[in-house]
Amino acid sequence: MGGGAALALALALVALALPAAAQANFADLYGGEVTCAVQSGNDNVRLCSGKATTWDHKTKIDVNVILPPTPADGADGPYPVIGDFHGWRGSKLDLSSPQTQSWAEQGYVVFSMSDRGWGESCGSADPGKSQPECEEGFNHLMDDRYEVRDAQYLISVLADEGLAEPQRIGVTGMSYGGGISMALAALRNRTMLPAGSLVPWTSPAGKAMEIAAAVPQWPWSDLAYSLMPNGRTLDYVADAPYRGPSGDAPIGVEKLSYVSGLYGTGLAESNYAIGKEPDLTAWYALINAGEPYNSNPLAAQIVETIEAYHSSYYIDHSEPPAPLLIQSGWNDDLFPPDEALRLYNRTRTQYPGDPISLFFMDDGHARSQNKPADLAVFTAREDAWFDHYLKGAGAAPQSSVEALTTTCGTPSEGPYTADDWKDISPGEIRFDSEAAQTVVPGSGDPGIGTTFDPIAGGEACATASGADQTGVATYRLGAVPSPGFTLLGSPTIVADLAPANSESELAARLLDVSPSSGEERLVARGVLRPGAGGHMVFQLHPQAYRFAAGDIPKLELLPSDSPYLRPANTEGPIAVSNLELRLPVLEGPGALGGLVQAPAPKVVPPGYELAGDYRPAEGSGEGGGGTPSSGGTKVSHRHGGKRHRHRKPGRGTIGLSHGRIGALARVLIVPVHCTGKAACSGELLVRGNHRDRPGTPGSPYPRRLLARGGYSVPAGRAARLRVPLTEGGRATFAARRHHRGRRGRVMRAHFEFDQTGRRAVLRLSRPVHLRVGRRHRSAPR
């Protein structure tokens, strides 16, 4: 063979050895179903558009695939992929979308599709809607087995065609697109089959596929909770399922204005199935009929279906999700930050090292302001997230929480950054009210409700009359001292609730009342379905908002936040007493002349456990970060001078130790012991006798609340709890000290240990000593 022939053969062999993608000429995709064209008016990126057959081999999905400009060296692919998904009422994204062209120019393939039942994927205006290809093309409500699997399959075909890198795939999208992004991240490298089982995600040619990064925006993680909240999620617990740890929490309250609007627009523009799952028309009719839900088997079945196939939170999490950067809006009344925090806390607890970050700002669905300057800050974070995890460019983003505040007429403040959600708010302002108030059915000014409604009302800065409303439980805090404070986190309410009807609802609004105009602005809202009531804790949606000096924070508890929420069919009065409001703030303990305190230990309802970030650090000996001056419960462990961390709260048994129980000026000293093989944690409430305060007839907690605080005691240990006195407790003890002589300084009390995981009420037959000096007897060693 001559030298020229040998060289030609060698070059041919080298060419055969090169990956097929390097020689690709992407004139079409999906086996010729989708054609591509250079977009000369968009810097020569290439747009491939058309309908591709999805995994069921009959349904046609309308797609756009945007490619980088044709490389000069001919090495065309494979590329990292970003899947960008549309919202409710939307369809596939094109070059008019803000970032699609930019990503393509940066070397990404951008994939987008019209979800089943929308746009040209069998939506209401699709000319092929009546064709056989649309028999299963109806709106499945973002089902893991259908819409989510469509995205997986269609991206995997691009990998087989040499265009996409199979394990360098990022996903993002807003609202409905945020929901699919969350689901894809939770599935990561798995696919859900129609029967609900999970199998490895592979391409038709057998390539292993995986999501490498996800940036959901305005997403939901629990669709049932986001549309019908029941108040059972908390931003500091490890696991927050909709029906609670035992599965018997009540079905919640419909977000009436939003659910009605979403159903109506979908009915007009999408493609709803009739007699098939999900039968959205039948579901909507049942929800809109109202209570009772809990005795209706179909209502329970709907919740179970939504959890199983339409909510990323309930996807099997035996392996961690893809690296997640989740963005939510403070004033988003549809998918508020709770939806991000629920998945964040569980992931941080189960997989402490897994990359997951949060970015919160005044952005999202109505009432959000969506400021361009704020969006620019977030976009930079999003680009850095994708560049690292899809291209390996730049340093690994650190898991963090960032927040820009809600402001009116001025640029947002921040971003404020912390390593985790717990540390974003180092301080806490607390307000206590023992006085009983009654929330009266039908009370509340409907005009104010309309002002604050996300559909009929104004945006985040809308104001209404600040006058107190008859029949509404109202709590006004004092005027804010200079220079003001920044609420940053979830306002928390702890109270004794006595509803006359288990189907009632309790809506809450935190308001900012202007001292000059008397007008009020909605800062945060929430709702609770209290069921049988009792000593309960619930939260308003998180917020970042500055209360200026002189402003008056006000809390309202209403029978309904109408028209935003659907009023209960059968309302009854709700008695509220011993209320404590906790406001997490940006300022540290000691600020504002001591008004800001260290966060009190968290109230953990039975069956829940603290999220990993909230569990005491090794050697701290604390049960949630409280100190005596902050209203927390300090635990001094008495074995070898060592402090211990409890790892699994709520499994031991707490009890009172022998020894004197005494009252100082602001705290009770209570000797306790924890028996069993695991730690004891929860909340301790101390109440007086009937003769100290008869209470309200029929109230489940008629005795005066004297002291309240959290506790955490290691297994097999004894400790002295320093339990903060309430305002009423301090007054009771002060009166006894000064007016009843030596005998009056001893009284009896009732001790209620509300343990994480179980409940035990202990009634004491021993005295509480009201004056204790340095010789106070401690718990036995």
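Taking 7 Å steps out from each Cα toward its Cβ at A435 and S502 produces label points 3.3 nm apart. Classify the range 562-606 from the C-alpha gyration tensor, please: rounded if a/c falls under 1.5, else prolate or oblate depending on whether a/b exceeds b/c. Taking the square roots of the gyration eigenvalues as a ≥ b ≥ c, the range 562-606 is prolate.
Kirkwood-type hydrodynamic radius, the range 48-204: 15.6 Å, calculated from all non-identical alpha-carbon pairs. Applying Stokes-Einstein at 25 °C and 0.890 mPa s to the Kirkwood radius of the range 441-493, computed over alpha-carbon pairs, gives a translational diffusion coefficient of 178 µm² s⁻¹. Pairs K255/K554; K58/K129; K422/K602; K92/K207: which exceed 19 Å Cα-Cα? Where the Cα-Cα span goes over 19 Å, the pairs concerned are K255/K554; K92/K207. Under a 1.4 Å probe, what is the accessible area of the range 345-458 per residue, stated in Å²? On a per-residue basis, the range 345-458 sits at 39 Å².
Over all other residues within a Cβ to Cβ distance under 15 Å of I448, the charged ones net out to -3, with Lys and Arg as +1 and Asp and Glu as -1. Using only the Cα atoms of the range 189-280, build the gyration tensor, take square roots of its eigenvalues as a ≥ b ≥ c, and label the shape rounded, prolate or oblate: rounded if a/c is under 1.5, else prolate if a/b is larger than b/c, else oblate. In terms of gyration-tensor shape, oblate.
Stretching L267 away from N569 to a fully extended chain increases their span by 106.1 nm, per 0.36 nm per residue minus the current alpha-carbon distance. In whole angstrom, how far apart do the alpha carbon centroids of the range 24-62 and the range 342-361 sit? Centre-to-centre distance over Cα atoms comes out at 36 Å. Label positions at D160 and E413, each projected 7 Å from the Cα along the C-beta direction, are separated by 5.6 nm. Compute the Cα gyration tensor for the range 258-347, then decide on rounded, prolate or oblate, letting a ≥ b ≥ c be the square roots of its eigenvalues: rounded whenever a/c is under 1.5, prolate when a/b is larger than b/c in the other cases, and oblate in all that remain. Taking the square roots of the gyration eigenvalues as a ≥ b ≥ c, the range 258-347 is prolate.
Subtracting the Cα-Cα distance of C461 and Y351 from 0.36 nm times their residue separation leaves 35.7 nm of extension gain.
Considering only the Cα atoms of the chain, their convex hull presents on average a projected area of 39.3 nm². Figure legend: label point modelled 7 angstrom from the Cα of N370 along Cα→Cβ; residues of the range 174-200 with amide N under 15 Å from it are 174-178.
Check which residues have an amide H placed less than 5 Å from G83's amide H, if you skip close sequence neighbours. Here F111, G170, V171, T172 satisfy the definition. Accessible surface of the range 460-588, 1.4 Å probe: 53 percent of it comes from carbon and sulfur atoms. Each peptide in 588-596, 667-675 was scored by the mean count of other Cβ atoms within 10 Å over its residues; highest first, the order is 667-675, 588-596. With a cut-off of 20 Å on the backbone N, the residues of the range 160-186 near the modelled label site 7 Å out from A393 along Cα-Cβ are 163-173. In the chain, Cα pairs under 8 Å separated by at least six residues give a relative contact order of 9 percent. Given the range 228-381, report the % of alpha carbon pairs whose separation exceeds 25 Å. Summing the P(r) of the range 228-381 above 25 Å gives 41 percent of all pairs. The distance from the alpha carbon centre of the range 116-168 to that of the range 174-238 is 16 Å, rounded to a whole number. What is the Rg over Rh value, at two decimals, for the range 336-478, using alpha-carbon atoms and the Kirkwood definition of Rh? Reported Rg/Rh, Kirkwood definition of Rh: 1.06.
The three principal axes of the Cα atoms in the range 156-314 give end-to-end lengths of 54, 40, 28 Å, sorted in falling order. Rounded to the nearest 10 degrees, the angle from helix 256-269 to the longest Cα principal axis of the chain is 10 degrees.
For the pair D316 and V199 in one chain, pulling the backbone fully straight at 0.36 nm per residue adds 41.0 nm over the alpha carbon distance.
Highest average first, the peptides 176-188, 564-576 ordered by how many other beta carbon atoms sit within 10 Å of their residues are 176-188, 564-576. Annotation for E304 and S516: the two label points, set 7 Å from Cα along the Cα-Cβ direction, are 5.9 nm apart. Peptides 115-127, 304-316, 217-229 ordered by packing proxy, namely the average of other Cβ atoms within 10 Å per residue, highest first: 217-229, 115-127, 304-316.
The values are calculated or read from the model by the stated rules, or taken from the named source; none is laboratory data. The shown structure was predicted, so the numbers you read here are calculated from the model rather than taken from an experiment. Virtual Cβ from ideal backbone geometry, glycine too; neighbours counted across all protein chains shown. The protein model used for the area step is the full one, side chains on, heavy atoms only, and it has no ligands, DNA or RNA in it. Shrake-Rupley method; radii C 1.70, N 1.55, O 1.52, S 1.80 Å.
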